[in-house]
Amino acid sequence: MPKIVVVGSINMDLVVLTSRYPEIGETLTGEGFMTFAGGKGANQAVAASRLGSSVVMLGCVGNDAFGRELSARLLNEGVDTAWVDVIEEVETGVAAITVAGGDNAIVVIPGANHRLSEAHVQAAERVIRDADVVLSQLEVPMPTVLAAARMARKHGKPFILNPAPASALPDALYSSIDLLVPNETEATLLTGITVRDPASAEEAARSLLARGVRSVLITLGANGVAVIDDAGERHLPAHVVKAVDTTAAGDTFIGGLTAGLVEGMAMDEAVALGQRASALCVTRHGAQPSIPYRREIA
Ligand code: ADP
């Protein structure tokens, strides 16, 4: 089975539900508490696995209860966790999410995710050599992402980068990216071009191509995606669905896209798989619980 190596983050999302935000110094009685497996790396790994790919996760957790639970859940999803390193002196990454009314306020503690190093990438060289695609995001240190891109290039493997959360990229990284997949916010930050529709997305995509990226795909939420690659520029509209929660839409899209590409699909066909998966995802609540399985995508 074709194999994806995800070099990325693993978090526990801690969700506090409350009727309003507390004032500084105030203690409030809230309405509920939930924990969800998260982290962009783990979400994309789970999405690709549920959509039928063989996935290896390269990441770090702490030697704590969250780390053990997250590793167990990934394994349960069929993701190979042999390359998830347990770091002794630091905690597993968490996102503390306070939801009040329709708003949320989030504090992310990267913890062990920031210990995923170039040395981890070097140690996993044979896994990357045996992979078909390497996929990364920006919740792990930039030098690690750069090392992953270079290792992929060394072994002739496509490197896909989802530049999220939005952050500038080192110039040296662009030429090692085969496929860059930002959303509107990320594309705007990277290019300085305000991306809000297919036309502005194509302009931003062209400017990213000029920096040395081979192909660019900008996700536009309910407006679908703008693609620019060897076959030219095009806009592929999203499915029209009743969205109830767009959490993990991007992660599901990227997991599906990557799963399609490693199966040998052409770009537009792989995008279609990502779009079908993410359209289903937005009709359900939550992050990982809303990611569909291949059998649901008829
Ligand atoms: P992110 O979550 O990273 O901001 P987007 O919101 O751009 O990512 O969504 C990624 C993909 O998910 C879109 O390209 C689209 O295919 C799908 N999607 C997102 N929102 C919707 C929606 N409301 N209806 C249908 N598809 C959607």
- Message: Contact order normalised by length for the range 142-215, with contacts defined as Cα pairs under 8 Å and 6 or more residues apart; what percent is it?
- Response: 29 percent
- Item | Shape call, the range 27-127: gyration tensor on alpha carbons, a/c limit 1.5 | prolate
- Task: Starting from the Cα of ARG20, step 7 Å along the direction of its Cβ; do the same at MET1; then give the gap between the two resulting points in nm.
- Result: 5.1 nm
- Message: Run the numbers for ASN104 and TYR293: contour at 0.36 nm per residue of separation, minus the present Cα-Cα distance, in nm.
- Response: 65.2 nm
- Under a plain spin-label model, where a point goes 7 Å from the Cα along Cα-to-Cβ, how far apart in nm are LEU189 and ASP268? 3.2 nm
- Message: How much length would be gained if the chain were fully extended between ASP197 and HIS239, taking 0.36 nm per residue of separation minus their Cα-Cα distance, in nm to one decimal?
- Response: 13.5 nm
- Item | Span from the the range 229-282 Cα centroid across to the the range 87-165 one, whole angstrom | 21 Å
- Message: Could you tell me what a quarter of the Cα convex hull surface of the range 126-267 works out to, in nm² with one decimal place?
- Response: 8.4 nm²
- Query: Taking the Cβ of PRO198 as the center, what net charge do the other residues with Cβ under 12 Å away carry, scoring Lys and Arg +1 and Asp and Glu -1?
  - Reply: -3
- Note on the structure: From highest to lowest solvent-accessible area (probe 1.4 Å; ligands, DNA and RNA excluded), VAL79, VAL86, VAL240 read VAL240, VAL86, VAL79
- Message: Which lysines, if any, have their Cα less than 25 Å from the Cα of LYS157, not counting same-chain residues under 8 positions apart?
- Response: LYS3, LYS40
- Note on the structure: Taking Lys and Arg as +1 and Asp and Glu as -1, residues besides LYS157 with C-beta under 15 Å from its C-beta add up to +3
- Message: What is the percent carbon and sulfur in the accessible area of the chain, measuring with a 1.4 Å probe over the protein chains and ignoring ligands?
- Response: 53 percent
- Item | Accessible solvent surface per residue of the chain, calculated while the other protein chains remain in place, 1.4 angstrom probe, Å² | 43 Å²
- Task: Give the share of C-alpha pairs in each 10 angstrom bin for the chain, from 0 to the last occupied bin, in whole percents, shortest bins first.
- Result: 7, 29, 36, 22, 5, 1
- Query: If you rank PHE66, PHE253, PHE33 by how much accessible surface each has, with a 1.4 Å probe, what is the order from largest down?
  - Reply: PHE33, PHE66, PHE253
- For the chain, what's the relative contact order in percent, using C-alpha pairs closer than 8 Å and at least 6 residues apart? 17 percent
- Task: On the full set of protein chains, 1.4 Å probe, figure out the accessible area of GLU26 and give it in Å² to the nearest 10.
- Result: 60 Å²
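The values are calculated or read from the model by the stated rules, or taken from the named source; none is laboratory data. Everything numeric in this text was worked out from a predicted model, so none of it was measured. Glycine also receives a Cβ, built like all others from the backbone with ideal geometry; neighbour counts cover every protein chain displayed. Each accessible area value is taken on the protein alone, full model and side chains, heavy atoms only, with ligands, DNA and RNA left out. Shrake-Rupley method; radii C 1.70, N 1.55, O 1.52, S 1.80 Å.
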